[in-house]
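Working notes for the structure below.
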Amino acid sequence: MEYTFLDFLTLIGSVGLFLYGMKLMSEGLQKVAGDKLRNILAVMTNNRFMGTLTGIFVTALVQSSSATTVMVVSFVNAGLLSLSQSMAVIMGANVGTTVTAWIIALFGFKVNISLFVLPIIALSLPFFTSYSNNKKSWGEFLIGFAFLFLGLEYLKNSVPDLKANPEIFRVLTEYTQMGFFSILIFMVIGAVLTMVVQASSATLAIALIMCSKGWISFDIAAAIILGGNIGTCITPIIASISGNVSAKRAAMGHFLFNFLGTLWTMILYYPFIRMIVWLSTNYGPGNPEALMEFVNTADPNLVNSLNENTIDLNESGNREIKASFEQMQFSVSYALSLFHTIFNIINLMIMIWFTNGYVYLVTKLIKQHKSNEEEFQLRYISSGMIGSAELTLVQAKKETQVYSERTRKMFAMTRELFTEKENSEAFRKTYERIEKYENISDRMELEIGNYLNHVSSNNISSSGEIKVSNMYKIVDEIESIGDSCYNLARTMIRKNEAFASFSPEIVANINKMFNLTQEALDHMNHVLDKNEILESDLNKAYNKEDEINNFRNQLRNSNIDSINNDSYNYLSGIFYMDIISECEKMGDYIINVLEALKEKRSAS
């Protein structure tokens, strides 16, 4: 029997179908859940135990620890979860992902679910014809479920037999009889394989199949699964590359949790394996090591016919042999799932008490660079319990001040972008930071707004209701300032794409407008930081707004004359006026913030 290149492509395609099914199933459930998943992660993480249960629940729901961990990393990046909260959720996600192993073990090996693949796809079709997005998402889930097990069935038939193809897999077969060194080698193989496919579920499925066919021993298959536990860290690490330092710390915490858990398991590996074998033998379907013993002593032709399902059931005793072989296969899949589950549960029970230690360690390993301090976090409010009305309003006020300060940083980046050389690496990085701040700005508005909504739903005084209403306005106007900063950056991008250029006169005028806008923005932040707003504060703001408006009108009137006099072309004039007009809009938003602040003070 030769293993051809076509067979190899079939194997890759089988893995692809399995992963695509897992992706469809996971994304379908995430769409059905919608923002509920985000709310669950945000609300149910007040302590390490609730955070852990949340990680277990969400991962079991979406069938992917990588999806949960990447979600957690993104929330840490946005400041919606603290580093300590994220560690608890990540620990829980490792336990939640064991549900996938049990589904594969119980259904993929005990029931020939591939027979039901086409009927399941047929049942999903009505969901796709529905006008409801929710029903369409359920359709995605059903098709993903069908594809997952169809891919698993193909994997069973396309994974190469290590014993039947020694010329191809000689290296691997030589390393299966080297004791503990073999365990280390196959653990590394499991890690690398998971890094490549970015899904520990695929690695687990391959290990289950190879062990259930008697090609590798139970302890070797367990080592592959253990390695997959480390390899699965690559997805959140990739997701954190473009994130801030907190996101990188969360990803590093995930890696340390899995690595240290694997380390203690390797130290106690053989006693741990014996415990799993004992549990499966005495309280499960049978001894998982019996299959390998049978394969080593039985006729190779008989084993091949059993694996390829070509055994003649009419011959005497063959039906009993096949039933016994299938029971041994189920014992293997059951024991490997048990190994995966107990390892993660014990690891969780040990590591959960060292959550603060993990936070301390990753903070030391990944330090905050002073030149790039971008800790996007909700500092004063959380999505958990709401305290007294007065306290919550003070917390919301402080968070609004933080929000306003971030928009000022965003405007500073916009000015920096204007001075960068077009199409340079510095220009690209600055624009990416502005995009990132825009996303954070949108999320901050939503989080503060949701918090204020919780506050207003409690029993608060009429003056408190007015404060909340005006705080809504302030937050909305601050978000509009962030939008204006992003619009300015996008205008500069469009200018570069159109190969337009600015004359020294235009550059000087834009810088002057930037200075006026900066002064108005600085004044707004200064007033927000104070405990009261004076009439003189408003008068100063109105005067600055008049300056901005008058300068905008002056430039608008002179723009046509400059174009007619060939000082610059019409295209440059368009981008020029877009920047000036956006700055004038920003001035309006700043005034709106201060007027809303005055109304809020009046209600006190």
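We did not get these values from a lab; they are worked out from the coordinates using the rules stated. Fair warning: this is a prediction, and the values are worked out from it, not measured in the lab. Ideal geometry is used to build each Cβ from the backbone, glycine not excepted, and the neighbour counts take in all protein chains shown.
Assorted remarks:
- The range 444-543: projected area of the alpha-carbon convex hull, averaged over directions, in nm²: 8.8
- When the Cα positions of GLY482, SER469, PHE411 are compared along the charge dipole of the range 408-482, PHE411 comes out farthest toward the positive end, with charges on each C-beta of Lys, Arg, Asp and Glu.
- The charge dipole of the range 278-321, taken about its Cα centre with unit charges on the Cβ atoms of Lys, Arg (+1), Asp and Glu (-1) only, comes to about 140 debye.
- At R0 = 25 Å, FRET efficiency that the Cβ-Cβ distance of ASP299 and THR10 yields, to 0.05: 0.35
- From phi via Karplus (6.51, -1.76, 1.60), per-residue ³J(HN,Hα) for the range 208-222 in Hz, x at Gly/Pro: 4, 5, 5, 6, 5, 8, x, 8, 9, 6, 4, 5, 5, 5, 5
- Estimated FRET transfer efficiency when R0 is 60 angstrom, pair ALA426-ASN318 (beta carbons, to 0.05): 0.25
- Put simply, when 545-557, 320-332 are sorted by average Cβ atoms within 10 angstrom per residue, most first, you get 320-332, 545-557.
- Cα gyration tensor shape of the range 459-604, rounded if a/c is under 1.5, else prolate or oblate by comparing a/b with b/c: prolate
- Dipole-positive endmost among PHE259, ASN296, PHE330 within the range 258-359 (Cβ charges, Cα centre): PHE259
- Three-way shape label, the range 202-272, alpha-carbon gyration tensor, a/c 1.5: oblate
- Listed pairs LYS136/LYS495; LYS248/LYS540; LYS136/LYS213; LYS23/LYS213; LYS421/LYS530 exceeding 32 Å between Cα atoms: LYS136/LYS495; LYS248/LYS540; LYS136/LYS213; LYS421/LYS530
- Think of each Lys and Arg Cβ as +1 and each Asp and Glu Cβ as -1; about the Cα centre, that makes the dipole of the range 508-604 roughly 80 debye.
- Full-extension gain in nm, ASP442 to GLN518, via 0.36 nm per residue minus C-alpha separation: 25.2 nm
- Taken one residue at a time, the phi angles of the range 124-139 give Karplus couplings (6.51, -1.76, 1.60, θ = phi - 60°) of 7, 4, x, 5, 6, 7, 6, 7, 7, 5, 5, 5, 5, 5, 5, x Hz. Gly and Pro are set to x.
- Sorting the segments 352-361, 575-584 by their residues' average number of neighbouring beta-carbon atoms within 10 angstrom, most packed first, yields 575-584, 352-361.
- For ASN287, the amide hydrogen comes within under 5 Å of no other amide hydrogen, counting only partners 5 or more places away or on other chains and with H modelled in the peptide plane.
- Per-residue ³J(HN,Hα) for the range 141-147, Karplus 6.51 cos²θ - 1.76 cosθ + 1.60, θ = phi - 60°, Hz, x for Gly and Pro: 4, 5, 5, x, 4, 5, 5
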